1. When only residues in region 25-52 that are within 27 Å of the chain's Cα centre (by Cα) and β-branched (Val, Ile, Thr) count, which is modelled with the lowest pLDDT?
2. When region 97-110 is examined, which residues are found to be assigned to a helix (DSSP H, G or I) and exposed (fewer than 13 other Cβ atoms within 10 Å of the Cβ)?
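The values are calculated or read from the model by the stated rules, or taken from the named source; none is laboratory data. Computed from a prediction, not measured in an experiment: that's the story for all the values here. Counting neighbours? That spans all protein chains shown, and the Cβs are built from the backbone with ideal geometry, glycine included.
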Amino acid sequence: MVRRRSLRHTCGTLGRVQDAMLYVIVGVVVVSAVIAVVALASSGKVWDQVGRGTMSIGDGTDRPARDGAVSLTGAAALAERDDEVRQMLEARNARRVARGQAPLDVEAEVDRQLRDLSTTEVRRRG
């Protein structure tokens, strides 16, 4: 036969555990707060470097946007744009030929694309 403890004995034990729980929670919170303050104080300048570096968008340096190259304006920018459009269309035409489709006239397509680009730019300015 199993003897069961009386209800009065069980309630007394639970009451002591509940009383001790408050001290445990307060102790854990205090110790955690102390550890957090020590970790923050010992981090030094680590937080000053967050968001900076080679992988961030705005790393706070004075580097030019094009990694040392001079930014192009005016005629040089237009010439570079024309070259990029021509390269894109030549690559597209090579893919068409590889698929067995008829090749396009690259120069006529370049002229059409540049005409479309220039009218779009005029609309944006106006």
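1. VAL50
2. Answer for region 97-110, where residues must be assigned to a helix (DSSP H, G or I) and exposed (fewer than 13 other Cβ atoms within 10 Å of the Cβ): VAL97, ALA98, GLU107, ALA108.
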